[in-house]
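Structure first, then comments.
The values are calculated or read from the model by the stated rules, or taken from the named source; none is laboratory data. Please read these numbers as outputs of a predicted model, since none were measured by experiment. We place every Cβ from the backbone using ideal geometry, glycine too, and count neighbours over all the protein chains shown.
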């Protein structure tokens, strides 16, 4: 005790007073923090609980795969056995919670060529064996749904008539404005051509008037570019300048 | 009432009161039973890289479900295309950032391997973002999801810097940090997260790690599982099957 007193005596007066002040401050802070403040003020559970509640209360946009079949049983049954069985309805039709609450608001139904290629356009990074097509060459302009039923897609049987032998012409034609015109619109193919292709040949158009049926000024076809047969290159046949399987776009 | 009668009645009354109390307890407990208890769940996601076709529908669905800005810069989930060339060079690009532009597809001849890797918040069990938050605005819930309290967040971006997976972004409207929540508002109601819902090839598998019957537990049992950056000891809850060594 005497020794302790000696140590205290050695500390200068002003430091001793300072120590007392510091001790008072520390005790003050500790009592306020741990005894006076209610624990709910420092407890994190409450603000966490409110965050969880706020998060839980958010709106649901996608209704989930199991509900659509209740009303659309036909489509659900069809889809269940097809190649698209792993797809949820909302993958293609978009979020449908609004549609459930109010059936008058319809979800989207993609009909064009833009949507299917998200998955089915060729991409070297896609897993091998996943069905992919080249959207430029694969029946251009036509909508996918004309050949493939989206609820039960099957690899469609390609009509390979002329293209079985004339593949080069066929593939050039698919990217041309003439893509949707069948071979037989311009060529008359005798049945024997398929048996003896070299001796019996299909016909070819012979006159300028044949092209004029679509491209002449008087023609009523809306989508074909028009020329005046009398003044447009009257000394030449059409195919001497324009290649009919891939005519240039105007 | 004499003492004898009182004691006799008490013999009956005490056990009867006990029973009555028990009935009362049962009656009140019943509505509570159907309520969601976060302690009984632990959510995780499995990703089957071999199944991802990089269609980007998950990104779009996530943006619709969670009000994420449409610009490709903001994503709660995104898909990376890895291209490993024969000379050993690796390119990684987000397919979302390329959207609208003509896709620069790699030349087929010099590809060694190429695949898509969907990414999202890994909902770490040891989340670095929670450690660095100066205001305690981000925290893990009992069911294993890391949430952000947008009312407490001050938008200091510490967590965005700290996340080793780059899963966070600053929401331009609220000016607070935002990230994948596994669609918390959906999963507590028994629905799947939006990205899992729309995935056409089921490359994403969502489930409860505490339930042996869940699809995720089966997925982790049937596949060889990796997590991203395991050396950081963040203990992610997003499990990748067939993860390539080049993926970081």
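Of all the listed residues (B:199, B:153, B:121), the sole one being within 14 Å of chain A (Cβ to nearest Cβ) and over 16 Å from the mean Cα position of the chain (by Cα) is B:153.
Annotation note: of A:125, A:66, the sole residue that is closer than 30 Å to residue B:109 by Cβ and at pLDDT below 90 is A:125. Against the numbered list (1) within 14 Å of another protein chain (Cβ to nearest Cβ); (2) assigned to a loop (DSSP other than H, G, I, E, B); (3) touching a helix residue (DSSP H, G or I) at 6+ places or on another chain (Cβ under 9 Å), residue B:35 comes up short only at (3). Of the helices (runs of 4 or more DSSP H) lying entirely inside segment A:33-138, those containing at least 3 residues that are more than 30 Å from residue B:148 (Cβ to Cβ) span A:73-81, A:89-93, A:117-120. Within segment B:55-74, the set of residues being assigned to a loop (DSSP other than H, G, I, E, B) and either farther than 21 Å from residue B:169 by Cβ or more than 8 Å from chain A (Cβ to nearest Cβ) (or both) comprises B:55, B:67, B:68, B:69, B:70, B:71, B:72, B:73, B:74.
Conditions tested, residue by residue: (1) surrounded by 11 or more Cβ atoms within 10 Å (Cβ to Cβ); (2) at pLDDT below 90.
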{"position": "B:2", "(1), (2)": "no, yes"}
{"position": "B:18", "(1), (2)": "no, yes"}
{"position": "B:21", "(1), (2)": "no, yes"}
{"position": "B:35", "(1), (2)": "no, yes"}
{"position": "B:50", "(1), (2)": "yes, no"}
{"position": "B:57", "(1), (2)": "yes, no"}
{"position": "B:64", "(1), (2)": "yes, no"}
{"position": "B:68", "(1), (2)": "yes, no"}
{"position": "B:71", "(1), (2)": "yes, yes"}
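Residue A:128 is checked against (1) away from every other protein chain (no Cβ under 14 Å); (2) over 17 Å from the mean Cα position of the chain (by Cα) and fails just one. What number does that condition carry? Looking at each condition in turn, residue A:128 falls short on (1).
The set of residues in segment B:219-231 being under 19 Å from the mean Cα position of the chain (by Cα) and either touching a residue at least 40 places away in the same chain (Cβ under 8 Å) or in a loop (DSSP other than H, G, I, E, B) (or both) consists of B:219, B:220, B:225, B:227, B:228, B:229. I'd like to know if segment A:195-216 contains one or more residues that are closer than 28 Å to residue A:146 by Cα, within 42 Å of the chain's Cα centre (by Cα) and assigned to a loop (DSSP other than H, G, I, E, B). Within segment A:195-216, none of the residues are closer than 28 Å to residue A:146 by Cα, within 42 Å of the chain's Cα centre (by Cα) and assigned to a loop (DSSP other than H, G, I, E, B). No other residue among B:168, B:215 is more than 16 Å from residue B:122 (Cβ to Cβ) and either buried (at least 22 other Cβ atoms within 10 Å of the Cβ) or within 14 Å of chain A (Cβ to nearest Cβ) (or both) apart from B:215.
Okay, residues lined up against (1) farther than 19 Å from residue B:82 by Cβ; (2) at pLDDT 95 or above:
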{"residue": "B:187", "(1), (2)": "yes, no"}
{"residue": "B:201", "(1), (2)": "no, no"}
{"residue": "B:209", "(1), (2)": "yes, no"}
{"residue": "B:215", "(1), (2)": "yes, no"}
{"residue": "B:220", "(1), (2)": "yes, no"}
{"residue": "B:240", "(1), (2)": "no, yes"}
{"residue": "B:245", "(1), (2)": "no, no"}
{"residue": "B:248", "(1), (2)": "no, no"}
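Mind checking whether some residue in segment B:185-202 is outside any loop (DSSP other than H, G, I, E, B), closer than 15 Å to residue B:120 by Cα and in contact with a strand residue (DSSP E or B) (Cβ under 7 Å, 6 or more places away or on another chain)? Yes; the residues of segment B:185-202 include at least one that is outside any loop (DSSP other than H, G, I, E, B), closer than 15 Å to residue B:120 by Cα and in contact with a strand residue (DSSP E or B) (Cβ under 7 Å, 6 or more places away or on another chain). Candidates B:135, B:148: the one that is within 11 Å of chain A (Cβ to nearest Cβ) and surrounded by fewer than 22 Cβ atoms within 10 Å (Cβ to Cβ) is B:135. Under 21 Å from residue B:61 (Cα atoms) and either within 10 Å of chain B (Cβ to nearest Cβ) or touching a residue at least 12 places away in the same chain (Cβ under 8 Å) (or both): does that describe residue A:66? Against the criterion (under 21 Å from residue B:61 (Cα atoms) and either within 10 Å of chain B (Cβ to nearest Cβ) or touching a residue at least 12 places away in the same chain (Cβ under 8 Å) (or both)), residue A:66 qualifies. Selection over segment B:75-85 of residues that are in a loop (DSSP other than H, G, I, E, B) and in contact with a strand residue (DSSP E or B) (Cβ under 6 Å, 6 or more places away or on another chain) gives a count of 0.
Residues that are closer than 20 Å to residue B:192 by Cα, under 37 Å from the mean Cα position of the chain (by Cα) and without any contact (Cβ under 8 Å) to a residue 12 or more places away in the chain: does segment A:34-53 have at least one? Checked segment A:34-53: at least one residue is closer than 20 Å to residue B:192 by Cα, under 37 Å from the mean Cα position of the chain (by Cα) and without any contact (Cβ under 8 Å) to a residue 12 or more places away in the chain. Residue A:163 fulfils the conditions (1) surrounded by 14 or more Cβ atoms within 10 Å (Cβ to Cβ); (2) at pLDDT 85 or above; (3) more than 30 Å from residue A:75 (Cα to Cα) except for a single criterion, (2).
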